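One structure is given here, and the rest of the page talks about it.
The values are calculated or read from the model by the stated rules, or taken from the named source; none is laboratory data. Because the structure is predicted, anything quoted here is derived from the model rather than measured. Virtual Cβ from ideal backbone geometry, glycine too; neighbours counted across all protein chains shown.
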Amino acid sequence: MERNMHKQVAIMKKSLFDQGYLDEQFMELEELQDDANPNFVEEVVALYFKDSARLINNIEQAFPLDFNRLDGYMHQLKSSSTSIGASKVKAECPLFREFCRAGNADGCLRSFQQLKKEHATLRKKLENYFQLARQVGPRETACRPK
């Protein structure tokens, strides 16, 4: 039973990589996790979602006129997303910034809607992943998906 749950966690993590939601940076975070701080990755991800939710709210407040502020907020969001390996969220950021530089409010809005969708999907998937991982208990860290 327990072995089956470990396998489920591994399959779930592999699917996050296979679907392009996470990249190698997530593995780097897992390598920093140890017995002294067994919830390190989950804590970092929770901080990311807290900070990114604030940035998304700031972006919504800056629409549609302040392209410089929008660009700055998106730069911060890209950096945060890069730090945890949130590849789909990170990938949308440069497109949004290009629209900002071009003064294209419609493009910014379309890109932002896609970014929010990817952010919400990643959040839900990682919540499910960490919930299952907590049920399993201590797990292998820094175990690259095959």
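Each row is one residue, and each column tells you yes or no for (1) touching a helix residue (DSSP H, G or I) at 6+ places or on another chain (Cβ under 9 Å); (2) charged (D, E, K, R); (3) closer than 23 Å to Leu132 by Cα; (4) at pLDDT below 90.
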residue: Asn37; (1), (2), (3), (4): yes, no, yes, yes
residue: Ala62; (1), (2), (3), (4): yes, no, no, yes
residue: Leu65; (1), (2), (3), (4): yes, no, no, yes
residue: Arg69; (1), (2), (3), (4): yes, yes, no, yes
residue: Cys93; (1), (2), (3), (4): yes, no, no, no
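The set of residues from segment 59-74 being among the acidic types (Asp, Glu) and under 22 Å from the mean Cα position of the chain (by Cα) comprises Glu60, Asp71. Can you tell me which residue within segment 88-109, out of those that are under 15 Å from the mean Cα position of the chain (by Cα) and of a type in the set (A, V, I, L, M), is surrounded by the fewest Cβ atoms within 10 Å (Cβ to Cβ)? This residue is Ala91.
Given the structure, is Gly85 crowded, with 17+ Cβ neighbours inside 10 Å and more than 25 Å from Val41 (Cβ to Cβ)? When the stated conditions are applied, Gly85 does not pass them. Residue selection: Arg3 fails the criterion of being more than 18 Å from Gly137 (Cα to Cα) and in a helix (DSSP H, G or I). I'm trying to understand the selection: among the residues of segment 16-27, which are of a type in the set (Asp, Glu), surrounded by fewer than 18 Cβ atoms within 10 Å (Cβ to Cβ) and within 14 Å of the chain's Cα centre (by Cα)? Selection gives Glu24 alone.
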